[in-house]
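Asks: Dropping the structure in here first, questions after.
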Amino acid sequence: MTKDVARRIADLRKQIEHHNHLYYGLDAPEITDAEYDQLFRELQDLEAEHPDLITADSPSQRVGGKPLERFAPVRHAVPMLSIRTETDTTEGGAVAFDARVRRELALGPDAPPVEYAAELKFDGLAINLRYEHGILAQAATRGDGSVGEDVTQNVRTVGQIPLRLNGVNAAVLEVRGEIYMKHADFERLNERQRAAGDKTFVNPRNAAAGSIRQLDPAIAARRPLSFFAYGLGAVQGWKIPETHSAVLDAFAAMGLPVCADRAVVRGAEGLIKFHHGIAAKRDTLAFDIDGVVYKVNDLAVQLRLGFVTREPRWAVAHKYPAQEQLTVVRDIDIQVGRTGKLTPVAKLEPVFVGGVTVTNATLHNEDEVRRKDVRIGDTVIVRRAGDVIPEVVGVMLERRPTKVSGPFDLYQQLNGECPECHSAIAREEGEADWRCTAGLYCPAQRKEAIKHFAARRAMDIEGLGDKLVDQLVEATLVEHVDDLYKLTAEQLAQLERMGPKSAENLVDALGQSKATTLPRFLYALGIPEVGEATAAALALHFGSLEALMQAAEDYVAALAEQDDPTASARARRLKAQRLQQVTDVGPEVAARIAAFFTEPHNRAVVGKLIDAGIRWPAICRAPRCRSRVTPMYSPVRSIA
Ligand code: IVH
């Protein structure tokens, strides 16, 4: 009887670990959550009846520990070293490291290049996993490198970390690696925290560190953590491979997660290539990194190189420009966007982040400012990743000066008026944004609409930059976009910082911009909710501006006759649905498009633009023909 139970328990554990691996390790589950829960519950029930059969590597042991008073200290069998950081973020950083290694090894200029293992520098927290006879016995944080904290209970809840290693029976095998949180998991966690009225985390690293150092393992279990293995600690009874890369291969074979973005390269040249390659894909990674790590691949050579103080001579971290920095908020401004949206913007002490100097960072909307509780005078974390607009991710409350502004109140700050045209501002029920109600009467909205029209991906009017648009609107030379095409070189030459030559050039550029494509033109009009992809889809679906405008009219006419049961009204309603047949166009976007093209002023502007000579090649709508659709606007869906 007990034998049968023991067999069933073993079988359940095996199945559960298999599904854990598919789910956490490969992101490719083969059973539903409910089926998984059923297996898990059966295991828990059997173990409850037979507590003598519970083992440390049972998946049931991942959850269910009691909250701790504090973490017990753990002395590391082998100290956890830190890593020297190469502050030179250019190629020079890799060259300097390779030169140092060669010097230490007394390699002459003719000696062959050194082989390195190159990998990512994960931005989480270091952890030491101690496996005894293949079973996870203890997990400890790095601490000061000599003594860390016992966080075994919490680490057991990390689904990606195997409780038992495949094919390992060594007395001791310590695996070192990084606990981190993926971006998507971080966003979801913060959403959950927000919904529950709990505090949110400023970045994935803080979320990961906070979760591992959570005294209640039930809470830690609900935090979505991930893990990558990157090195060895103490080892007894396991034959260590000859190279670092082979150690990582062995880890992967044991069922430990090892990051696939790694390479074995030769010499400084190989390091540089790796550094560039990762930089190019940094923004597409599912998690944060703050650089790459180079390690001498040959473990015997590592031993020869040894270390200085707590840093090995055989490894270096080669950083990228930081994507987050601390700075101080000087002021909170409110900017008026193209559609009248009022956006709070933090004016910052200039700070170098993500490769550029940042002085402004978006705060998105009023709720965001309040949620983050950003005040003038606060020290904040500013983030700029890739080409994204810099944003304030959080406040360092512990650095808040005693004298700060009160809580943010957009309406009060603006006295209920648009900062540009002093019209009333409004915030609709269920909307996050306050808006200026004046529409194109508001010069700020007009300016933004013109800047959008001229932008590279819209009408691409070379030389018509933001400053110039501001000047043109302020000098009342341009009120609406069609006025651009009436500008003369003489008028332009009279503007500040404009010579006759640049005036001529701009007139030329305006002339050239007239030859465009329908998708670009539609995008340039700045119809709310119509971005590049939607503009391209609309152009492709309707084939001509006339057909699109007709569909917009039909849409509005059908709305007016919504409850009319006559045949002609029904026919019109059917026609009206054409707008929504376009990829990505739902009722909301359809309504915006219809409203735009039925508004008399907009129709007049469109008419005047056409009269000014704006034209585009006809779009061929024959099946599968993609001619005359520029690659930038390649169809979202094939033409069928
Ligand atoms: S190796 C001897 N490899 O960086 C070097 N560390 O200062 C020991 N880290 O907090 C570490 N990614 O957690 C190594 N691929 C990687 C790493 C990495 C991130 C962290 C590590 C530690 C710090 C080292």
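The values are calculated or read from the model by the stated rules, or taken from the named source; none is laboratory data. Model, not experiment: these values are computed from the prediction. Note that we place each Cβ from the backbone using ideal geometry, even for glycine, and neighbour counts take in every protein chain shown. Surface accessibility is based on the protein's heavy atoms, side chains included, excluding ligands, DNA and RNA. Shrake-Rupley method; radii C 1.70, N 1.55, O 1.52, S 1.80 Å.
Asks: With respect to residue 147, determine if the residue is crowded, with 20+ Cβ neighbours inside 10 Å, within 17 Å of residue 80 (Cβ to Cβ) and more than 14 Å from the ligand (Cβ to nearest atom).
Replies: Numbers: crowded, with 20+ Cβ neighbours inside 10 Å: no; within 17 Å of residue 80 (Cβ to Cβ): yes; more than 14 Å from the ligand (Cβ to nearest atom): yes.
Answer is no for this residue.
Asks: Here's another thing I want to ask about it. Out of the residues in the stretch 353-366 meeting the condition of being open to solvent by 40 Å² or more (accessible area, probe 1.4 Å) and modelled with pLDDT of 90 or more, tell me which one is nearest to residue 282 (Cα to Cα).
Replies: Filtering first and then ranking leaves 357.
Asks: Something else now. Residue by residue through the stretch 279-292, note down the ones that are open to solvent by 10 Å² or more (accessible area, probe 1.4 Å) and either within 11 Å of the ligand (Cβ to nearest atom) or touching a strand residue (DSSP E or B) at 6+ places or on another chain (Cβ under 7 Å) (or both).
Replies: 282, 287, 288, 290
Asks: Among the candidates 535, 558, single out the residue that is among the small types (Gly, Ala, Ser), surrounded by 15 or more Cβ atoms within 10 Å (Cβ to Cβ), closer than 22 Å to residue 598 by Cα and under 36 Å from the mean Cα position of the chain (by Cα). Reasoning before the result, please.
Replies: Details: 558 fails: under 36 Å from the mean Cα position of the chain (by Cα).
Only one candidate qualifies: 535.
Asks: Would you mention how many residues in the stretch 111-144 are in a loop (DSSP other than H, G, I, E, B), under 29 Å from residue 169 (Cα atoms) and open to solvent by 40 Å² or more (accessible area, probe 1.4 Å)?
Replies: Total satisfying the criteria: 3.
Asks: Give the stretch 118-141 a look and list any residue that's more than 10 Å from residue 177 (Cα to Cα), of a type in the set (A, V, I, L, M) and near the ligand (Cβ under 9 Å from one of its atoms), or say none.
Replies: Listed by number, the list holds a single entry, 120.
Asks: Limited to the stretch 62-88, what total is found for residues that are buried (at least 18 other Cβ atoms within 10 Å of the Cβ) and in contact with a helix residue (DSSP H, G or I) (Cβ under 7 Å, 6 or more places away or on another chain)?
Replies: 2
Asks: Which numbered condition in (1) open to solvent by 20 Å² or more (accessible area, probe 1.4 Å); (2) within 16 Å of the ligand (Cβ to nearest atom); (3) assigned to a loop (DSSP other than H, G, I, E, B) is the only one that residue 161 fails?
Replies: (1)
Asks: Looking for whichever is modelled with pLDDT of 95 or more and either over 23 Å from residue 201 (Cα atoms) or among the basic types (Lys, Arg) (or both) here; the options are 426, 475, 444, 454. Which one fits? Explain how you work it out, then say what you get.
Replies: Numbers: 426 fails: modelled with pLDDT of 95 or more; 475 fails: modelled with pLDDT of 95 or more; 444 fails: modelled with pLDDT of 95 or more.
After applying the criteria, what remains is 454.
Asks: Filter the stretch 1-50 down to the residues that are closer than 23 Å to residue 257 by Cβ, touching a His at 6+ places or on another chain (Cβ under 8 Å) and open to solvent by less than 80 Å² (accessible area, probe 1.4 Å), then identify the one that is modelled with the highest pLDDT.
Replies: 39
Asks: Kindly indicate whether residue 564 is on the phi > 0 side of the Ramachandran plot and not in a helix (DSSP H, G or I). Walk me through how you get there before you give the answer.
Replies: Numbers: on the phi > 0 side of the Ramachandran plot: no; not in a helix (DSSP H, G or I): yes.
Against the criterion (on the phi > 0 side of the Ramachandran plot and not in a helix (DSSP H, G or I)), residue 564 does not qualify.
Asks: Return the pairs, sorted by first residue and then second, in which the second residue is surrounded by 12 or more Cβ atoms within 10 Å (Cβ to Cβ) and assigned to a loop (DSSP other than H, G, I, E, B), the first residue lies in the stretch 385-409 and is basic (Lys, Arg), the beta carbons are less than 9 Å apart, and the residues are 6+ apart or on different chains.
Replies: Matching pairs, first to second residue: 399/378; 400/375; 400/377; 400/378; 403/377.
Asks: Another question, if that's okay. For residue 54, which of the numbered conditions (1) out of contact with any His (no Cβ under 9 Å at 6 or more places or on another chain); (2) among the β-branched types (Val, Ile, Thr); (3) touching a residue at least 12 places away in the same chain (Cβ under 8 Å) fails to hold?
Replies: Only one criterion is unmet by residue 54, namely (3).
Asks: Look through the stretch 320-332, keep the residues that are surrounded by fewer than 19 Cβ atoms within 10 Å (Cβ to Cβ) and either within 25 Å of the chain's Cα centre (by Cα) or of a type in the set (Val, Ile, Thr) (or both), and return whichever of them is farthest from the ligand (Cβ to nearest atom).
Replies: The initial filter retains those residues of the stretch 320-332 that are surrounded by fewer than 19 Cβ atoms within 10 Å (Cβ to Cβ), namely 320-322, 325-326, 328, 330-331.
Narrowing the set further to residues that are either within 25 Å of the chain's Cα centre (by Cα) or of a type in the set (Val, Ile, Thr) (or both) leaves 320-322, 325-326, 328.
On the way: 320: 13, 321: 17, 322: 15, 325: 19, 326: 20, 328: 28 Å.
By that ranking, first place goes to 328.
Asks: Further question: I need every pair where a residue in the stretch 302-314 that is over 14 Å from residue 244 (Cα atoms) and free of Cβ contacts under 8 Å to residues at least 60 places away in the same chain has its Cβ under 7 Å from the Cβ of a residue that is surrounded by fewer than 17 Cβ atoms within 10 Å (Cβ to Cβ) and not aromatic (Phe, Trp, Tyr), sequence separation at least 6 or different chains.
Replies: none
Asks: If you scan the stretch 228-271, which residues turn out to be within 26 Å of residue 109 (Cα to Cα), within 31 Å of the chain's Cα centre (by Cα) and open to solvent by 30 Å² or more (accessible area, probe 1.4 Å)?
Replies: 263, 264, 269
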